[in-house]
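K.L.:
A single structure is presented below for examination.
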Amino acid sequence: MDDPLPASAGEIAFAGRSNAGKSSAINTLASRRRLAFVSKSPGRTQMINFFALGEMRFLVDLPGYGYASVPGKIRSKWEKVLGSYLQGRRELRGMALVMDIRHPFTDLDQRMIDFMRPTGIPIHVLLTKADKLARVDALARLKTLRGQLASLSPRYSVQLFSSLKRSGIEEAEAVFANWLSLSSRETSPPDAAQPVDSAACRRKPPHPSGRISRRTDGIWKPKNKKPRAKGE
């Protein structure tokens, strides 16, 4: 049986080469270990997984590309489903493109960016495993990649990130919170999602309630607190 994509007010897709640290990044940002299964075997994520943040917002974990040991027929099916989702999903607000800082901007990463450029969707690159390099080397690679992305689109950005050291979290949260806040064009609920083959695309709630904890929900909301009046 085919499963429909969930009704959504906004989604961020996480993409990247297999074993680049994509699932670890999702877990770190969501403050919930094992939310997305962390694998040392490239190609573990083999479907599109939706993880609820609350208020109809989702993080979307896409299959890693590059090293998945799967038959060509299945891989072709993945590509078809992914292509349909990435270029046709109205609720997609941005892409978090995960790159291992030791091997950034591979041909496959470039192909993903080229594939996404016609959509106009913003891309924020997470240079993961930044702790594996000396600080000066990490900053040098950041500067180089920032220049490469700037030449492609003003909507592309990049930062250093380390799940192990838990660094870069606040910077990433600020970007993603901005993407997921309601825009002026969203004055009514989104249309019902179209069904997609459940063998390749499935909603997989990370928690029995189907939601991440309230604490996790809160980190994605822009901080616009009004100052308290005296005497309150």
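The values are calculated or read from the model by the stated rules, or taken from the named source; none is laboratory data. Everything numeric in this text was worked out from a predicted model, so none of it was measured. Cβ: placed from backbone, ideal geometry, glycine included. Neighbour counts: every protein chain shown.
K.L.:
Does ASP114 fit the bill of being surrounded by 20 or more Cβ atoms within 10 Å (Cβ to Cβ) and either more than 18 Å from GLU11 (Cβ to Cβ) or at pLDDT below 85 (or both)?
P.N.:
So ASP114 does not fit the description; no.
K.L.:
Picking from GLY120, GLY16, which residue would you name as being at positive phi, crowded, with 21+ Cβ neighbours inside 10 Å and modelled with pLDDT of 90 or more?
P.N.:
Criteria check complete, one pass: GLY16.
K.L.:
Condition check: β-branched (Val, Ile, Thr) and in contact with a Ser or Thr (Cβ under 6 Å, 6 or more places away or on another chain). Does VAL136 satisfy that?
P.N.:
In short, no.
K.L.:
Does at least one position in the range 129-143 carry a residue that is of a type in the set (D, E, K, R), buried (at least 20 other Cβ atoms within 10 Å of the Cβ) and at positive phi?
P.N.:
Yes, some residue in the range 129-143 is of a type in the set (D, E, K, R), buried (at least 20 other Cβ atoms within 10 Å of the Cβ) and at positive phi.
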